[in-house]
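Report on one structure; see the data block that follows.
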Amino acid sequence: MTGRIIKALSGFYYVDAGTGRDIPCRGRGKLRHQRITPLVGDWVDITLTEEGTGMVDAVCPRKNQFQRPAVANIDQMVIVCSEAVPVTDPFLIDRMAAIAEWKGCEPLIVFNKCDLKQADELMGLYRSAGFTALQVSAETGEGLDELTAAITEKVSAFTGNSGVGKSSLLNAIQPGFGLEVGGVSEKLGRGRHTTRHVELFSVAGGLVADTPGFSSFDADQMEAVPKEKLAAAFREFAPYLDVCRFQGCAHVKERGCAVRAAVEAGRIFPSRHNSYVRLYEQAKEFPDWKLAKNKKLEQ
C-alpha cells in the first residue's frame, strides 16, 4: 500500500495510509544502500507485517525536498518572523525565500507578535517584491483568519528562527493542539528550541509541518542556492534578467547590469539586492562536495 510519512522519530517512519491509524515503519536496507533517506512528507510504498507495523519498500518521486527543515513535497514555506524579541534578521527571510523559490515552493512571509511591534515597513517591502506577507498575533488573534485561509488545502512547512512563535500560531489556529511552546532567552535574545522532530499535522483543512527553528548561529547548515540559479530565486529580478548588457551577468557589480539599474531607480529594494549579493558571494565559496550534494537534491 501507499501512504505519506507524517512523522519521523527514533528510527521509525509513521505512515498515514488511510487505515485510520498511523503505521510505524522501518526502512528497508536497500534504501540505505541506495542512499535514500525517507523524509516527512514523502509518499512511500509500504508492506505491512504480521505485528501491524510496516516496512518502507520505496520512496515515490518527490516534487521537492529540503535539508533544513528536513521535509519533502511541500507546497508552501511559511516563514515566521518577528519584529519583537527575537528580532528576525531580514537576510534570513531572504535566504529562506530564495531556497523556497529554488525548490518550486511558494514562500508565505508571516510577521508574528504584531501586538508587541508592528512590521509595516517590512510588510510593504516584501509585498512590493511580489510576496504574500501577513501580520498576525498568536496572542490576540489578529490576522489568524487570513493565515488559516492561506494554509487550507496545502502542505505547508512552518519555519523561522526559534522563539518567533511557530508552535504558538498553530496552537492559536487550532485550539487544543497542545504543541510545546518555549520562552525567549533574555540573555541571548533568541528562542529556546521546543520542537525536536518534524511532524505533519492536520490543520485547517491542510497539512502543516512544525519544524525545529533555525537561528543566525546555525544558518550555515542551510542549503545554498547555486550561484547560477540564485537570480531566478529573487522574483522581482525577473523583468531585468535578460536585458543586461553582457551575457552571464552576475548582477553584483557589472557595468550595464539591468538589475543594478533597477535598484538605483527604486524598483528593487536595496536590502533585497544586498541579500542577493551576500548569498552570491557565499555560493562562490561553497565547497564542491556541497554543491554536488545540492545538485543531487535538486533533481
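The values are calculated or read from the model by the stated rules, or taken from the named source; none is laboratory data. Quick caveat: nothing in here was measured; it's all calculated off a predicted structure. We place every Cβ from the backbone using ideal geometry, glycine too, and count neighbours over all the protein chains shown. With ligands, DNA and RNA removed, areas are computed over all heavy atoms of the protein, side chains included. Shrake-Rupley method; radii C 1.70, N 1.55, O 1.52, S 1.80 Å.
A few points about this structure:
- A 1.4 Å probe, protein heavy atoms only, puts the accessible area of ASP89 near 70 Å².
- Whole-Hz couplings from phi, Karplus 6.51/-1.76/1.60, listed for segment 158-171; x for Gly and Pro: 8, 9, x, 5, 4, x, 7, x, 4, 5, 4, 5, 5, 5
- Taking 20 Å as the limit for the C-alpha separation, the pairs LYS103/LYS166; LYS113/LYS166; LYS103/LYS253; LYS166/LYS229 exceed it in the case of LYS103/LYS166; LYS103/LYS253; LYS166/LYS229.
- Placed amide H near ASP57: partners under 5 Å, 5+ positions off or other chain: ASP45, ILE46, THR47
- Relative contact order of segment 45-111, pairs being alpha-carbon contacts under 8 Å that are 6 or more residues apart, as %: 28 percent
- Contact order, relative form, for segment 76-150: 29 percent (alpha carbon pairs under 8 Å, 6 or more residues apart, mean separation divided by residue count).
- DSSP finds beta bridges in segment 12-83, and of those with both partners inside it, around 70 percent are antiparallel.
- Here the label points at GLN174 and ASP45, each 7 Å from Cα along the C-beta direction, are separated by 3.0 nm in the simple model.
- Working from label points 7 Å from Cα in the Cα-to-Cβ sense, the GLU121 to PHE91 distance is 1.8 nm.
- Were the residues from PHE286 through LYS229 laid out at 0.36 nm apart, the gain over their Cα-Cα distance would be 19.1 nm.
- Inter-label distance for ARG21 and THR132, nm, one decimal - labels placed 7 Å from Cα along Cα-to-Cβ: 3.7 nm
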